[in-house]
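The values are calculated or read from the model by the stated rules, or taken from the named source; none is laboratory data. Note that the structure is a prediction, hence the values are computed from the model and not measured. Cβ placement follows ideal geometry from the backbone for every residue including glycine, while neighbour counts extend to all protein chains displayed. Just the protein is used for accessible areas: all its heavy atoms, side chains included, with ligands, DNA and RNA removed. Shrake-Rupley method; radii C 1.70, N 1.55, O 1.52, S 1.80 Å.
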Amino acid sequence: MNIEKLIKIAIENLKNSYSPYSKFKVSAVLETKEGELYTGVNIENASYPAGICAERVAIFKAISEGKKDFKRLVLIAEANNKLKIAYPCGICRQVLNEFKTNNFEIIVASSINNYKIYNIDELLPYSFGSKDMED
Ligand SMILES: O=c1ccn([C@H]2C[C@H](O)[C@@H](CO)O2)c(=O)[nH]1
Ligand SMILES: [Zn+2]
C-alpha cells in the first residue's frame with residue numbers, strides 16, 4: 001500500500017489511543033511484505049510503567065499472529081488537536097531492531113504530505129542484538 005494511504009489509516013486510528021494521562025496520542029501502522037496491516041496505539045495505565053507504546057502494540061500483534069516479515073512502520077502522534085512527528089522511544093527502537101528485515105522502513109509523519117523515512121540502523125546505531133551473543 002502506498003505511504004499516503006498508510007498515513008491516512010494511522011491518522012484515523014489515533015482515536016483509539018488510550019492516553020488519559022499524557023494526552024499524547026500515538027498511532028502506528030505496520031505493513032508486512034505480503035501486504036497485511038497491523039495497527040497499534042499507545043495504551044496507558046494508572047500505574048504509569050504498565051503502559052505501552054503504539055509501535056510495540058503493532059509489532060506484538062503481528063508477531064503473535066505469526067507474521068514477522070515487515071516492510072514498513074508508519075508512526076504519527078497528536079497532541080492538543082495537532083498532528084505531530086513522533087520518533088520511536090529507545091525501548092521501541094530495541095524491539096524494532098529485534099525484528100528488522102531487509103529494507104524495513106520506519107516512517108515518521110505529521111501529515112499525509114509530510115513524512116521522513118529511516119531505517120533502524122539510523123535510529124539505533126551500534127545496536128545490541130542476537131549476533132552479539134554468539135561466540
Ligand atoms: O514513539 C512513541 C513515543 C511515545 N509513545 C507514547 C507513550 C506514552 O503513552 C505517551 C507519552 O510518552 O506516548 C508512543 O506510543 N510512541
Ligand atoms: Zn516506545
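Only one of the listed residues (Y115, Y126, Y48) is aromatic (F, W, Y) and closer than 25 Å to E12 by Cβ. That residue is Y115. When the residues of region 24-39 are filtered to those that are under 12 Å from the mean Cα position of the chain (by Cα) and closer than 14 Å to A86 by Cα, the one that is most open to solvent (accessible area, probe 1.4 Å) is V26. Restrict the check to region 95-109 and report whether at least one residue is hydroxyl-bearing (S, T, Y), part of a loop (DSSP other than H, G, I, E, B) and more than 29 Å from S22 (Cα to Cα). Taking every residue of region 95-109 in turn, at least one turns out to be hydroxyl-bearing (S, T, Y), part of a loop (DSSP other than H, G, I, E, B) and more than 29 Å from S22 (Cα to Cα).
Taking I11, is it assigned to a helix (DSSP H, G or I) and within 15 Å of V108 (Cα to Cα)? Yes: the conditions hold for I11. Looking only at residues in region 50-79 that are within 13 Å of the chain's Cα centre (by Cα) and among the basic types (K, R), the one that is nearest to ligand 2 (Cβ to nearest atom) is R56.
Quick check on region 42-60. Is at least one of its residues away from ligand 1 (no atom under 11 Å from the Cβ), open to solvent by less than 40 Å² (accessible area, probe 1.4 Å), of a type outside the set (S, T, Y) and touching an Asp or Glu at 6+ places or on another chain (Cβ under 9 Å)? Yes: region 42-60 contains one or more residues that are away from ligand 1 (no atom under 11 Å from the Cβ), open to solvent by less than 40 Å² (accessible area, probe 1.4 Å), of a type outside the set (S, T, Y) and touching an Asp or Glu at 6+ places or on another chain (Cβ under 9 Å). Within region 15-37, no residue satisfies the criterion of being touching a helix residue (DSSP H, G or I) at 6+ places or on another chain (Cβ under 9 Å) and part of a helix (DSSP H, G or I). Annotation: of all residues in region 80-94 being within 14 Å of ligand 2 (Cβ to nearest atom), within 20 Å of K116 (Cα to Cα) and of a type in the set (A, V, I, L, M, F, W, C), the one that is surrounded by the fewest Cβ atoms within 10 Å (Cβ to Cβ) is C89.
Inside region 99-113, residues that are without any contact (Cβ under 8 Å) to a residue 40 or more places away in the chain and touching a strand residue (DSSP E or B) at 6+ places or on another chain (Cβ under 9 Å) make up a count of 7. Criterion applied to L75, L37 was being at pLDDT 95 or above, among the hydrophobic types (A, V, I, L, M, F, W, C), within 18 Å of N103 (Cα to Cα) and away from ligand 1 (no atom under 12 Å from the Cβ), and the one residue passing it is L37.
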